[in-house]
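Structure, as structure tokens:
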Amino acid sequence: MTLTGLGLLRDLLKAMPQGASLAEVLRTVTDTVVVHLDTEGAGIWVRHEGGDLELVALTGTAFPRDPGVVSGVVHDRRPSTAEDSVVVHPLMVGDRILGAMGLWRSAPWTAEERALVEAVADAVAAAADRRQAEEQTALVLSTLNEIGRTLVAELNLERVVQIVTDAATRLTGAAFGAFFYNVVNERGEALMLYTLSGAPRSAFEDFGLPRNTAVFGPTFAGEGTVRHYDVTAAAHYGQNPPHRGMPEGHLPVRSYLAVPVIARSHEVLGGLFFGHPEPGQFTATDEDLVEGIAGYAAVGIENARQFREEQHIALTLQRALLPRLADGYDRADIAVRYLPSVEHAEVGGDWYDVATLGDGRLAVTVGDVEGHSVEAAARMGTVRHALSVLTRREESTPAAALWELDRHLTQIDLRALVTAVHAVFDPSTGSLQVARAGHLPPVLLDPDGTAELLDEGMAPALGLRLVRRPPPLVHRTLAPGSAVVFYTDGLVERPDRPLDEGLELLRSALAHRTFASAEEVCDHVIDELLGPRGSRDDVALLVLRTVGAGHALAAGEPRRRP
Amino acid sequence: VSGEPTSELSADGDTLTVTLRGEVDLLVVSRLRDAFESALAGARTVVFDLTGVSFIDSSGLGLIATPLSVDREVIVRNPAPRIRMIIASVGFAEVVEFDPAEAP
């Protein structure tokens, strides 16, 4: 080899530093070749998966021949021979064709120079192949990383499977993808559900679920990845009655890729399936990618399941810790509701309470303990019991009870934000005393139709040493047939609406209305404020309706609970 | 796939700044909790920068209240009017300092 050749190869090797992209490397190659071989121009074409050629690097003048010359070289996998001043050489690794490199000038090429061009083409092909593989790997890793981060933070099963299906379908270039996964419903029955990407649900609805056929079976048995260049040509295709192949009307599938999703316990959670109407669309890289995604999907599904189980425990605990109402109260009608959030995502801290004091007065409370799930439910139990003890002390007012509750919570170092509204109603006089700590104001509905927010002032939230003095005590005398609505923030707070609008919505939902019972007030408020879409947060609601001595029967008798 | 709120802590002398973005909920707060509580030991003043916060739930309010419970000064910077309203709804209007002092 000549000195020129050695210098050229040395410079080429130097021109391929780590971190440069394939296109950058190839441009350095054409620049170097032009300088060392005294040519007018050099170009490198890369062959894409569909067979298209793209000129990715060009130095000097434009390619002086018809592009068909390059296509011919790539097709024949042999260097051009006819031209004396233009040489085009295929870029090959083993028997795989990656593209072509061309050099052109006015003078003809010697045999020695042509041998040098061949050596350079081989070096470039090897480097390009390595770089392409590296870029593919980097892309796969960064994509998987991103999907992984999203999935680990996602606790909703339906969203987990949709993210997985969408991402895998997009990344493999599949025409459509489906994720069939096993679930156990609340009655303990095993079901298979599915989610789709790239095809409407109607495209699958008529076929039912994939059965344990020769094509699908290995995936649901967790036997490993199945990839077909052309599934209709596979040996076991069309063996299963009744359809013997794809049922009529099925989306056309030639390229086929299926990957089982397997939990750490080796349980098969489901299978990811991808199809394309053209054969040969899925590569080994796609296989790696989907296997990686399937790994994250398994973790995501297990997290979502665990979360759901924990929420179920929290909700059970919550319900156990909430008081049972007595069979009816003397001259007051009380109704309560506890609504978990729509997805059971927020469960735990909300509570209501009713206590009959020794002198016939009634104490009612609605509160909210910050926290999550089982922890919040347990804290709620502690706080509810503490307040119920404090409120039964003689001479206690709602303000004093909340003030002492804050000191108690500080002593036991609860360290969670607790908000509460606490009221004492005396049925013999109609007197209502209300105190609040960091809690939204109750609404008082007078029998004349006036609805008023009892928002005259309050202490900060409890449990954090923020309460410096007893909260202000608000007094009202309730006429028979009045109703007071106590609630937690989930009833009125929504991310898409300012809080004051939510409060006004509640107030106006009650104004100028008459209700026959506290139960009816509860139903009406929930209908008006939450509607069928429910709440993102959990909601506790308590309605106290006064039934004066002279009006008791006319205004509706306290309901007896079954 | 991204778009999750980015939150960060930065300490400057005895001022700890907590930058929150987007929807501040349980997930955001639980990611931040441990680092926040260890950084709190060296701080006298804690600034919560709520520029661009669109929602805050009770865990977010609990985070804001934590320094108050250990006698640190709390400054709430640039809350949107609706966020300011939620902070006031748990009685914090008197125990934190708003910056700016008046709602825009």
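The values are calculated or read from the model by the stated rules, or taken from the named source; none is laboratory data. Source: prediction; values computed, not measured. As a convention, Cβ positions derive from the backbone with ideal geometry for all residues, glycine included, and neighbour counts pool all protein chains shown. Quick note on the areas: whole protein, heavy atoms, side chains included, nothing else; ligands and nucleic acids left out. Shrake-Rupley method; radii C 1.70, N 1.55, O 1.52, S 1.80 Å.
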Selection count, the stretch B:33-91, where residues are among the polar types (S, T, N, Q), farther than 21 Å from A:Leu462 by Cα and crowded, with 20+ Cβ neighbours inside 10 Å: 0
Residue check for A:Glu375: touching a residue at least 24 places away in the same chain (Cβ under 8 Å), surrounded by fewer than 23 Cβ atoms within 10 Å (Cβ to Cβ), within 14 Å of another protein chain (Cβ to nearest Cβ) and of a type in the set (Asp, Glu): yes
All positions within the stretch A:160-181 that are within 20 Å of A:Phe204 (Cβ to Cβ), open to solvent by 20 Å² or more (accessible area, probe 1.4 Å) and within 14 Å of chain B (Cβ to nearest Cβ): A:Gln162, A:Ile163, A:Asp166, A:Arg170
Residue match in the stretch B:66-84 (condition: out of contact with any helix residue (DSSP H, G or I) (no Cβ under 7 Å at 6 or more places or on another chain), farther than 22 Å from A:Asp455 by Cα, facing another protein chain (nearest Cβ under 9 Å) and assigned to a strand (DSSP E or B)): no
Matching entry among A:Ile334, A:Ile313 (being among the β-branched types (Val, Ile, Thr) and outside any helix (DSSP H, G or I)): A:Ile334
The stretch A:473-530: number of residues that are within 14 Å of chain B (Cβ to nearest Cβ), open to solvent by 20 Å² or more (accessible area, probe 1.4 Å) and not in a loop (DSSP other than H, G, I, E, B): 7
Residue tally, condition surrounded by fewer than 19 Cβ atoms within 10 Å (Cβ to Cβ) and in a helix (DSSP H, G or I), over the stretch A:405-420: 4
Selection within the stretch A:143-158 - within 14 Å of chain B (Cβ to nearest Cβ) and in a helix (DSSP H, G or I): A:Thr143, A:Leu144, A:Asn145, A:Glu146, A:Ile147, A:Gly148, A:Arg149, A:Thr150, A:Leu151, A:Val152
Residue tally, condition small (Gly, Ala, Ser), in contact with a Gly (Cβ under 8 Å, 6 or more places away or on another chain), more than 11 Å from every other protein chain (Cβ to nearest Cβ) and open to solvent by less than 20 Å² (accessible area, probe 1.4 Å), over the stretch A:421-461: 1
Residue in the stretch A:83-106 that is least open to solvent (accessible area, probe 1.4 Å), counting only those that are modelled with pLDDT under 85 and within 16 Å of A:Phe63 (Cα to Cα): A:Glu83
Number of positions in the stretch A:357-372 that are among the small types (Gly, Ala, Ser) and either surrounded by fewer than 21 Cβ atoms within 10 Å (Cβ to Cβ) or within 11 Å of chain B (Cβ to nearest Cβ) (or both): 3
Test: residue in the stretch A:182-203 that is surrounded by 15 or more Cβ atoms within 10 Å (Cβ to Cβ), polar (S, T, N, Q), closer than 28 Å to A:Ser373 by Cβ and under 17 Å from the mean Cα position of the chain (by Cα): yes
Residue in the stretch A:308-321 that is farthest from A:Ser373 (Cα to Cα), counting only those that are open to solvent by 20 Å² or more (accessible area, probe 1.4 Å) and in contact (Cβ under 8 Å) with a residue 40 or more places away in the chain: A:Leu321
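Here's the yes/no breakdown for (1) of a type in the set (A, V, I, L, M, F, W, C); (2) on the phi < 0 side of the Ramachandran plot; (3) in a strand (DSSP E or B):
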{"position": "A:Arg65", "(1), (2), (3)": "no, yes, no"}
{"position": "A:Ala100", "(1), (2), (3)": "yes, yes, yes"}
{"position": "A:Glu118", "(1), (2), (3)": "no, yes, no"}
{"position": "A:Leu141", "(1), (2), (3)": "yes, yes, no"}
{"position": "A:Val160", "(1), (2), (3)": "yes, yes, no"}
{"position": "A:Ala167", "(1), (2), (3)": "yes, yes, no"}
A:Leu464 at pLDDT below 95, facing another protein chain (nearest Cβ under 10 Å) and crowded, with 23+ Cβ neighbours inside 10 Å: yes
Check on A:Ile301, away from chain B (no Cβ under 14 Å), open to solvent by less than 40 Å² (accessible area, probe 1.4 Å) and either within 25 Å of A:Val152 (Cα to Cα) or among the basic types (Lys, Arg) (or both): yes
Residue count, the stretch A:221-257 (criterion: in contact with a Pro (Cβ under 8 Å, 6 or more places away or on another chain), among the charged types (D, E, K, R) and under 19 Å from A:Pro277 (Cα atoms)): 2
Failed item, numbered, when A:Ala401 is tested on (1) away from chain B (no Cβ under 14 Å); (2) more than 26 Å from A:Cys522 (Cα to Cα); (3) open to solvent by 10 Å² or more (accessible area, probe 1.4 Å): (3)
Yes/no for A:Val389 being at pLDDT 90 or above and within 11 Å of chain B (Cβ to nearest Cβ): no
Hits in the stretch A:409-457 (condition: under 37 Å from the mean Cα position of the chain (by Cα) and of a type in the set (D, E, K, R)): A:Asp413, A:Arg415, A:Arg436
Candidates B:Ser7, B:Ser30 - the one that is open to solvent by 60 Å² or more (accessible area, probe 1.4 Å), among the polar types (S, T, N, Q) and within 14 Å of another protein chain (Cβ to nearest Cβ): B:Ser30
Residues that are among the charged types (D, E, K, R) and under 19 Å from B:Ser58 (Cβ atoms), drawn from the stretch A:456-512: A:Arg465, A:Asp489, A:Glu493, A:Arg494, A:Asp496, A:Arg497, A:Asp500
